[in-house]
Amino acid sequence: MTNIQLDRIENEALRNRVVTPEEAASWIGDGMTLGLSGFTRAGDVKAVPFALVDRAKENGFKVNVFTGASLGSDVDTLFAEAGIVNKRIPFQADPTMRKSINNGDMFFVDQHLSHTAELVRSGVMGPIDFAIVEAVAVKEDGTIIPTTSVGNSSLFATHAKNIIVEINMAQTPLLEGIHDIYEPGKQGERGPIPLEKADDRIGELGIKVDPELIRGVVFTDQADSPSTIVQPDEETKIMANHLLDFLRKEIELGRLDETLAPLQSGIGSVANAVLHGMIDSEFKNLEVYSEVLQDAVFDLIDAGKVDFASCCSITLSDEKMKQVFGNFEQYRDKLIMRPQEMSNHPEVIRRLGLISINTALEFDIYGNVNSTHVSGTKMMNGIGGSGDFARNARLAIFVTKSVAKGGNISSIVPFVSHTDHTEHDVDIVVTEQGYADLRGLAPRERVPLIIENCVHPDYKQQLWAYYQEALERGGQTPHVLEKAFSWHQHLAEHGTMKMEKEVVETK
Ligand code: COA
């Protein structure tokens, strides 16, 4: 161990517990449950999982893998390829793992990201055998200082039978001081969460654990995986402008002012582009209260638009990562990183009155949103935090391009093929065609607005035809039930949702 490495472990006894990733992995047995740090490719452990995959190749075994959200460093890919995972919770975004899930080779529990903590704390999810968490340092009293995400790390570390800490020398030590670890306690015995503003500090600077539970410390030296977002294109820029127009209208009507309200923006290229669109706007002194901070938030900080950002992870492109972590001193006082239970807590989201922007795969004529299942059956990534935010935000906004796959899929359909966010939770839907403000509207008031403002011209007539037929059947929420999924069926059979002209006209 070098002196620089030694400086990262203040506790004398723990200095004697430094082990290789292989030795740490050898403690993990078949059927165990692991709680891994990591949230949307940030702050994940980068050595023990690889050693575990190598072990599994020799003598196959399966483990349950709980995380904050998706992992980077190809861990989910390798886990899926090795067939090592029995059950994965609560979010993933990896193409190989996606295939395993959809082939039925592993179980995936798609869970609201604020819920995992309650379920683990109450014992519903069973014991965590090993928490394996990335840190920048371990303090004298055993306090673990996380890196670029908190996610569920504090929950896992404080509920596990054993802890393995990976100290990552590639993560800047300047991260120490930005975390705020708050433990709300058991349900039924807790008071209100004392968080009234995005920049309130309510907890500890690190994860307090009994050092005796830290069975081993492993050193790594590897940066986080860069995010996979695509930079804003013409369509996402247009979408951003529609959303900005909506927010301007809210200001005109006196419901918001130029500082808006704390912003939450979900993962993905579209949500990133929308925030990016605020750089050249008149909005100012903005605050962010979100899970993941993507590139756009740091661009907004650099542009002097965002004063403060609270999150549970920072996931950046390669270039942005170098800029932000290479100059972290200038960002530290503008950031707080919390456990995902706090960044996504319904009580806090409702109190702060967030403007919440998430992405839909598809939505329907009444405003139900599908964020997870392609054509109703195939898992994409998972619901993530979108449900935590949508149900509780001041403004629950969903964005999506009006068509996908070269125009063969309409993102607005008669009936969503899977419902993540019901019409009761969705306030505004936005596509590059325009936006529909659904607040206070009955189902039959919503339909014309959605079709006229959001649907791609190629699908407008087809959707009107469906709705006219549905209207003949009547009801609070009219449908032609036997045709409600006909667009998805047509896609499966013909590779497109576009129906022959005669079919549309005779409906
Ligand atoms: N049917 C089938 N595929 C569709 C589709 C639809 N209706 N709409 C989009 N897609 C495909 C796109 O073609 C694209 O495919 P590709 O990867 O093969 O190019 C993919 O879905 C991603 O779509 P894109 O338009 O690039 O959006 P994105 O990167 O912003 O991701 C979600 C969109 C919905 C997948 C993503 O936001 C997500 O997983 N959301 C759920 C979790 C969440 O909202 N968390 C928020 C809190 S962090």
- Task: Sum up the charges of everything whose Cβ sits under 14 Å from the Cβ of E423, counting Lys and Arg as +1 and Asp and Glu as -1, but leave E423 out.
- Result: -3
- Query: If you take the beta carbon distance between N285 and E493 as r and set R0 to 51 Å, what does 1/(1 + (r/R0)^6) give as a FRET efficiency, to the nearest 0.05?
  - Reply: 0.45
- Magnitude of the Cβ-charge dipole (Lys and Arg +1, Asp and Glu -1) of the chain about the Cα centre, nearest 20 debye, reported as 800 debye
- Using only Cα atoms, tell me the angle between helix 443-454 and the longest principal axis of the chain; keep it within 0 to 90° and round to the nearest 10. 80 degrees
- Probe 1.4 Å, protein heavy atoms only - accessible area per residue of the range 424-486 in square angstrom: 44 Å²
- Message: Expected output is a single nm value to one decimal: the length gained when fully extending between V124 and Q468, i.e. 0.36 nm times separation in residues minus the C-alpha distance. What is it?
- Response: 119.1 nm
- Message: Using a 1.4 Å probe on the protein heavy atoms only, what accessible surface does K99 show? Give it in Å² to the nearest 10.
- Response: 140 Å²
- Over the range 142-202, with neighbouring protein chains present, the accessible area per residue in Å² at probe 1.4 Å is 35 Å²
- Which FRET efficiency, nearest 0.05, do D318 and I202 yield, Cβ-Cβ r, R0 51 Å? 0.95
- Mind checking the range 138-186 for trypsin sites (Lys or Arg not before Pro) that DSSP puts in a loop (not H, G, I, E or B) and that have at most 14 other Cβ atoms within 10 Å? K186
- When only C-alpha pairs under 8 Å and at least 6 residues apart count, what is the relative contact order of the chain, in percent? 13 percent
- Net charge dipole size for the range 3-220 [Lys, Arg +1 and Asp, Glu -1 on Cβ; Debye, nearest 20]: 440 debye
- Accessible surface of H276 - all protein chains present, 1.4 Å probe, nearest 10 Å²: 60 Å²
- Rounded to one decimal in nm, the spacing of the 7 Å Cα→Cβ label points at R351 and T77 is 4.2 nm
- Query: List the GluC sites (Glu not before Pro) in the range 424-507 that DSSP assigns to loop (not H, G, I, E or B) and whose Cβ has at most 16 other Cβ atoms within 10 Å. Which are they?
  - Reply: E500
- Message: Per DSSP helix of 4 or more residues, -39500 (n - 2.57); summed, then divided by the residues of the chain. What does that give at 222 nm, rounded to the nearest 500?
- Response: -9000 deg cm²/dmol
- Query: How many nm separate the modelled label positions at A13 and N453, each set 7 Å beyond the Cα in the direction of the Cβ?
  - Reply: 6.1 nm
- Which whole-number percent is the relative contact order of the range 3-220 (Cα, under 8 Å, 6+ apart)? 25 percent
- Item | Accessible-area composition of the chain, carbon plus sulfur, in percent [1.4 Å probe] | 49 percent
- The simple spin-label model distance between R255 and N241, using points 7 Å out along Cα→Cβ, in nm, is 2.3 nm
- Message: So, R0 is 45 Å and r is the distance between the beta-carbons of E58 and D141; what FRET efficiency does that work out to, to 0.05?
- Response: 0.75
- Among G440, V416, L247, the residue whose Cα sits farthest towards the positive end of the charge dipole of the range 234-464, when +1 is placed on the Cβ of each Lys and Arg and -1 on the Cβ of each Asp and Glu, is V416
- Report the antiparallel proportion of the DSSP beta bridges in the chain as a percent, rounded to a multiple of 5. 25 percent
- Query: Between the DSSP loop rule and a limit of at most 10 other Cβ atoms within 10 Å, which GluC sites (Glu not before Pro) in the range 55-150 are left?
  - Reply: none
- Item | Size of charge dipole - the range 234-464 - debye, nearest 20, with Cβ of Lys, Arg +1 and Asp, Glu -1, no other charges | 360 debye
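The values are calculated or read from the model by the stated rules, or taken from the named source; none is laboratory data. Because the structure is a prediction, the values reported are computed rather than measured. Quick reminder, even Gly has a Cβ in these numbers, built from the backbone with ideal geometry, and neighbours come from all protein chains shown. Side chains included, ligands, DNA and RNA excluded: accessible areas come from the protein's heavy atoms. Shrake-Rupley method; radii C 1.70, N 1.55, O 1.52, S 1.80 Å.
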